[in-house]
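Notes follow the structure.
The values are calculated or read from the model by the stated rules, or taken from the named source; none is laboratory data. All figures in this text were calculated on a predicted structure; none of them were measured in a lab. Methodologically, a virtual Cβ is constructed for each residue, glycine included, from the backbone with ideal geometry; neighbour enumeration extends over all protein chains shown. The area values use the complete protein model at the heavy-atom level, side chains included, leaving out ligands, DNA and RNA. Shrake-Rupley method; radii C 1.70, N 1.55, O 1.52, S 1.80 Å.
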Amino acid sequence: MIERLEQIKKRYDEIQEKLSDNEIIQDIKKTTELRKEASSLEEIVDSYKEYNTILESIKDAKEMINDKELGDFAKEELTKLEQSKLDLESKLEILLIPKDPNDDKNVIIEIRGAAGGDEANIFA
């Protein structure tokens with residue numbers, strides 16, 4: 001999972017770099033395409049950054065457990081951070097599920113009143 005997240009983060013950084021290039025900014029079609037891809041990756045990258053921050057905080061809390069003054073606080077903080085880590089891991093697993101290619105397409109739905117006469121047509 002971490003390897004895939006790293007690849008996504010790397011791709012997101014590449015897209016951001018390309019979007020700052022003057023040649024690509026002048027090509028509206030390419031810019032639109034890159035912005036769509038970046039927006040689809042943004043939530044995953046933000047969650048991954050938050051996950052890394054939590055891992056660092058867990059590491060720091062484990063170091064503080066041995067301290068006499070901050071030991072109790074560190075234990076409480078560690079339990080909260082562990083729970084946050086588990087929640088974020090489950091969120092990341094859901095975000096990494098491949099998207100359906102039809103998700104971004106438009107749909108037209110027609111609703112007709114059938115059996116039931118005028119009342120059904122009014123409802124529809």
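For the reader, a short list of remarks on this structure follows.
- Annotation: of all residues in region 50-63 being within 21 Å of the chain's Cα centre (by Cα) and without any contact (Cβ under 8 Å) to a residue 40 or more places away in the chain, the one that is least open to solvent (accessible area, probe 1.4 Å) is Ile54.
- Selection status of Lys75, in a helix (DSSP H, G or I), at pLDDT 90 or above, surrounded by 12 or more Cβ atoms within 10 Å (Cβ to Cβ) and basic (Lys, Arg): no
- Test for Glu42: is it without any contact (Cβ under 8 Å) to a residue 24 or more places away in the chain, among the acidic types (Asp, Glu), under 25 Å from Leu81 (Cα atoms) and assigned to a helix (DSSP H, G or I): no
- Residue within region 97-117 that is charged (D, E, K, R), exposed (fewer than 13 other Cβ atoms within 10 Å of the Cβ), modelled with pLDDT under 85 and in a helix (DSSP H, G or I) present: yes
- In region 1-35, the residue that is modelled with the highest pLDDT out of those that are of a type in the set (A, V, I, L, M, F, W, C) and surrounded by fewer than 14 Cβ atoms within 10 Å (Cβ to Cβ) is Ile28.
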